[in-house]
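Have a look at the structure below before the remarks.
Only the coordinates and a few stated rules stand behind these numbers; no lab work does. A quick note: this is a predicted structure, and the numbers were derived from the prediction, not measured. For neighbour counting, all protein chains shown are included, and Cβ atoms are generated from backbone atoms with ideal geometry for every residue, glycine included.
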Amino acid sequence: MEHRNFPTPVRTRMGVVLFAMACGLTAYGPMTGCESKPPTPANTGFASPDRYTTRGVIVELPDAKRVGNPDLMIQHERIADFKDSSGKVVGMNSMIMDFPLAPGLSIAGLAKGDKVEVVMEVDWSQLPPHRAASIKKIDAATVLDFSNPKK
Ligand SMILES: [Cu+2]
């Protein structure tokens, strides 16, 4: 997941972050000294994912030419019931994050700036571990809350 514009910048895709945490490095690849794991094909896994519904605004549409992260980018509201890879509820703060699209998920008709409701699937055995399972446009007048709890 891509995180931007936050006091503690975590600017890497979530899968890379997880791998980096496991390996103590900032990138994955053959030189890391621990077993490297290539990105999982999007049409495998996610057999029984955790599902979270959140709302947000589209920051960027997917763009294969965008360097670093070509995925759909959404600023989403805080997900209070988000669980980490151990199953512990840790919450996910409001952030700008990438959303790889589940196979067959169409975002036709959506545009930058649209407010949306997203169902995110998370399977911690996958890399990246998350994807958008569905996205639907919501009323443009919807008031979204991107605040986060104070530390
Ligand atoms: Cu997020």
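Taking amide hydrogens as placed 1.01 Å from N in the peptide plane, the amide H of MET97 sits under 5 Å from those of ILE74, GLN75, HIS76, each at least 5 positions away in sequence or on another chain. Working ranking of peptides 94-106, 131-143 by packing, defined as the average number of other Cβ atoms within 10 Å per residue, highest first, is 94-106, 131-143.
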